[in-house]
1. Please check: in the Gaussian network model of chain A (C-alpha springs, under 10 Å), which one of A:160, A:41, A:16 has the largest mean-square fluctuation.
2. For residue A:361 and residue A:299, FRET efficiency with R0 = 35 Å and r from the beta-carbon atoms, rounded to 0.05?
3. Working from Cα positions, state the angle (0 to 90°, nearest 10) between the long axis of helix B:275-297 and the longest principal axis of chain B.
4. By a straight-distance test (C-alpha under 13 Å), which aspartates and glutamates pair with residue B:258 as possible cross-link partners, with residues fewer than eight away in the same chain excluded?
5. Please identify the trypsin sites (Lys or Arg not before Pro) of the stretch B:84-193 that satisfy two criteria: DSSP loop assignment and at most 10 other Cβ atoms within 10 Å. Which are they?
6. How would B:55, A:175 line up from fewest to most surrounding beta-carbon atoms within 10 angstrom?
7. Springs between alpha-carbon pairs under 10 angstrom, Gaussian network model over chain B: which of B:177, B:140, B:254 fluctuates most?
8. What order do you get for A:75, B:108, A:166 when you list them from fewest to most C-beta neighbours inside 10 Å?
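What follows draws every value from the coordinates through simple rules; no lab data is involved. Since this is a predicted model, take the numbers as computed values, not measurements. Note: ideal-geometry Cβ built from the backbone for every residue, glycine included; neighbour counts use all protein chains shown.
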Amino acid sequence: MKKVIMGNHALSYGAMLSRAQVIAAYPITPQTQVVELLSEMCADGTLNAKFIKVESEHSAMAACLGASLAGARTFTATSAQGLALMHELLHWASGGRLPVVMGNINRAMAPGWSIWTDQNDSLSQRDTGWIQFYCASNQEVLDTVIQAFKVSEKLMIPSMIVLDAFALSHTYEVVDVPDQDKVDAYLPPFNPPFRLTPDDPHAFGGLTSPEHYMELRYKLQKDMEKVPALVEETGKEYEKMFGRYLGQVDEYLCDDAEFIFVTSGTAGYTARVVVDELREKGIKAGNLRIKLFRPFPFEKVRSILSKVPKVAVVDRNISYGHHGIFYQEVKSAMYGQPHQPVIFGFITGLGGRDITRDTFKEIADYALSKSQAEEEIVWIGVKK
Amino acid sequence: MTKERKMTLTIPKEELMSPGHLACQGCGASLAMRLALKALGQRTVVCIPACCWAVIDGPFPHSSLDIPIYHCAFETAASSASGVKAGLEMVGDTETTVLAWAGDGGTFDIGLQALSGAAERNEDIIYACYDNEAYMNTGIQRSSATPLGAWTTTTPVKHYKKHPKKDIIGIMAAHRIPYVATASVAYPEDMVKKFKKAKEIKGTRFIHIFAPCPAGWKSRPEDTIKLARLAVQTGYFPLYEVEYGEKWTLNLKIKERKPIAEYLKLQGRFRHLKDDEIAMIQKEVDANWERLLKRCEQ
Ligand SMILES: Cc1ncc(C[n+]2csc(CCOP(=O)(O)OP(=O)(O)O)c2C)c(N)n1
Ligand SMILES: [Mg+2]
């Protein structure tokens, strides 16, 4: 059924169709509507789930982990300060191999207080062992929640679905809400290999000596490495059933491109307007939107970028004292490759400053007029 | 000839809060700050966690308060204030009053751990909680201060709040800190008196302020004071204080309490309640009132 819904509700519908059984969440702008709709669905019986209205995000994640270990499918959503407060338990989720699925609305970190979008909140959680998907439309948000449960539960690794504050969270779009029975056929009930049950007692997460700890982490990494292929497989299966392919990246006119904007989140669609304009002028531009950020889709990115002379990575985030984070990641993916493009790193749009068509035009002007970047970081739209 | 009656104004004239702040019409929380600062004076530092007040103050680079403000993380009002007090003392300022100013969510829920820690250490701070009975800044979600029977966006009408409000005064009194009090924006003299009294005490002081929120309660802005007064007159939010966890004093005796229905009916958040549910709430108010009277008699 087609519905006009906001990005936040796309998360709620995704969780509902996935038949999340335990939801524990705490309100934070701009995530609140995710939780409000789910709480209504639980109240009116649309969703048969327990909704725990906890007193903090730390407790939200802790409750999800308990429920997940008990064998229930769990969902939560948060943003910025809330995600940061969960940090300890994000490690707990992946280290404990608990496939929680969480929505995170990208919001800039305080201080100063901001409710507007940038990616430093979720990218600060890069190394916590979560799968991260950056979405660019409400349809993609809904679909990815369902896919994420499938991927997470297969590998027992938690997933984070990331969307831009307001630009997506509060934007209404037409979304095809799939039928429940079809989703049920795609996503079987959660049936973990181990769980907290007196029928088969195990101790989870106890003291682990140097003799064993490293192997647990090695296994987590090995399973992480399986994610890209599984995303492809489950994404194609999704396409067969629902007509929409869900991949690791989203390419726009990349095949013959000589210049590519690498983006993530909604900014990619703005980039495409400028790609079209550049093409009209005879410049073969393209856009590569990275959707799967962790694990990093090395193969995909390499196969696309190694054919291109020039690449502009656009970051709505920064690793202070280093570079934009996608820029680092793309450079590290291309390091040592036989054909290396010239890669430029741009930082823009922090704290919700708009990323517009002019932003991409300025980026293209810079990159196309230079053989190398003149600065380590090229700032666009900053009042210096 | 009628005799001229004289009233003495006990509320200081000094204004430390200026107009131009961002509060909604009829906001109880903004009145509460204005009154509290009149009592505490300019040598006050305030720590404000995420809450409406983090916004009411005004956007960067503006501020509507004439005192320094530390905008701190949501769960850290009490621990931030503990640090500020220690820091000030170490740089030679032992005079400044350190005030933590948080909403009910920042106090009853996410900040309770830090508050309990500070109270147990008897930190030399005043902790004021303005209670509008929900997370208003994020758009009216329940907190553990939301009363029994109330609608919020996370306690929809079909599943209205089924648990009574957390007894925060009981919790704070159990820490045996020097001073715990309730206050209401409808009783400004009483509130100013309490903040002045708190200022003269050393150790952790906790003041729980009843602050109606028209936007969240679905009440009329002009009813804010009326509602706050009714909350006291019905015995729903009595004015009292507790010293060292031992000495309980009722500050305003009420001979005949008004029925709670009078208070409830002015607010959209209770509109769905049926007579038997109102009776249940009345019972809850009665029981709390009786319990309080007993404590105050001892
Ligand atoms: C760690 C964290 N979680 C969530 C939030 C979002 N948040 C900001 S204010 C607020 C509610 C505050 O409620 P309350 O303390 O009652 O103050 P009020 O808004 O009602 O004045 C929430 C949930 C946040 N800023 N930080
Ligand atoms: Mg509140």
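1. A:41
2. 0.65
3. 50 degrees
4. Straight-line reach from residue B:258, under 13 Å: B:286.
5. Within the stretch B:84-193, the qualifying trypsin sites (Lys or Arg not before Pro) (loop, at most 10 other Cβ atoms within 10 Å) are B:162.
6. In increasing order of surrounding Cβ atoms, one gets B:55, A:175.
7. Between B:177, B:140, B:254, it is B:254 that shows the largest mean-square fluctuation.
8. Least crowded to most crowded, the residues run A:166, B:108, A:75.
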